[in-house]
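First up is the structure itself, then whatever we jot down about it.
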């Protein structure tokens, strides 16, 4: 059986997932860096539910849902445990135990590592999803009607920091530079006259800026001949007006089989530095220490082998006044 190998025992496999580099850059990790905690009482609420494709948010002591099961996950706890797993099917076990060639058994081992990497990435993805929910929306909202699990945690972003453009940016006569200046001034009011360090938008929102007449006039004057704007033009205009630079975040996470944008189109989010922490709590599987874990499971009758990868994260927002949203 492949999971009987020393390299797939829990200490070795846990060490492996803790050292797997992130598969991609997570923009929001810089604003809420991870911080290990040893007290499971840090969570704002119990988080439970089911995320089929990325990872599952389950409660303390809940079993990790395997991807080929539809069992209901019920949870209670003080720290959410993000975890998911994969199961070696009968064909894979036969390929390893009775290989027609050495390459066949080696392929099973390589497949275990590949699947474990994917599980680890799924945990990283869901941490970014949690951060995005908090930073971009000020809430953690999750509804699973099938299992009657509903979650809504409001982090209390100031209502005065939620602004709307004077004219929708898709309409003629829109004034995004004026709207952005107003948002920066609102940010300064609640942050001791400090400016935001960056604003986040999607490519769809960026396209509105690239087609805007106010920005074109700012750069080329009134007799501009409808010249095309570039991304560099936009950034330079912002810099000249002492406005923060922007970053495009088009990241998508698969949640319950659906692709979910982390940031909505037609929305600008102004961010300060050090918004909070992504708390990483302890787990039994990681020997009561914070951090990612990997747990192999072996059953003999009937034969079954599986691997679970998880972690106990929670996005703790500390500087809610340092977020301003602008609906455009």
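Of everything in the stretch 158-171 that is under 25 Å from residue 204 (Cα atoms) and touching a helix residue (DSSP H, G or I) at 6+ places or on another chain (Cβ under 8 Å), the residue that is surrounded by the fewest Cβ atoms within 10 Å (Cβ to Cβ) is 166. Quick check, is residue 195 closer than 22 Å to residue 322 by Cβ and in a helix (DSSP H, G or I)? No, not satisfied. All conditions in (1) surrounded by 24 or more Cβ atoms within 10 Å (Cβ to Cβ); (2) under 22 Å from residue 135 (Cβ atoms) hold for residue 273, with the sole exception of (1). For residue 252, the stated conditions hold: it is under 30 Å from residue 167 (Cβ atoms) and free of Cβ contacts under 8 Å to residues at least 40 places away in the same chain. Those strands (runs of 3 or more DSSP E) of the stretch 74-167 in which at least 2 residues are at pLDDT below 55, considering only elements entirely within it, cover 149-154. Of all residues in the stretch 307-328, those that are more than 18 Å from the chain's Cα centre (by Cα), outside any strand (DSSP E or B) and more than 30 Å from residue 205 (Cα to Cα) total 0.
For the structure I just gave you, tell me whether residue 222 is crowded, with 20+ Cβ neighbours inside 10 Å and at pLDDT below 95. Taking the combined requirement at face value, the residue does not satisfy it. Of the residues making up the stretch 236-246, at least one is in a strand (DSSP E or B) and in contact (Cβ under 8 Å) with a residue 12 or more places away in the chain. With respect to the conditions (1) under 22 Å from residue 200 (Cβ atoms); (2) touching a strand residue (DSSP E or B) at 6+ places or on another chain (Cβ under 8 Å), residue 236 falls short on a single one, namely (2). Total residues in the stretch 198-233 satisfying the condition of being touching a strand residue (DSSP E or B) at 6+ places or on another chain (Cβ under 6 Å) and either more than 30 Å from residue 319 (Cα to Cα) or part of a strand (DSSP E or B) (or both): the figure is 4.
Scan the stretch 244-270 for residues that are out of contact with any strand residue (DSSP E or B) (no Cβ under 8 Å at 6 or more places or on another chain) and buried (at least 16 other Cβ atoms within 10 Å of the Cβ) and the total you get is 1.
Which condition number in (1) over 16 Å from residue 176 (Cβ atoms); (2) touching a helix residue (DSSP H, G or I) at 6+ places or on another chain (Cβ under 9 Å) is the one that residue 210 fails? Here residue 210 clears every test but (1).
The values are calculated or read from the model by the stated rules, or taken from the named source; none is laboratory data. On a predicted model such as this, the values are computed, not experimentally measured, just so you know. Ideal geometry is used to build each Cβ from the backbone, glycine not excepted, and the neighbour counts take in all protein chains shown.
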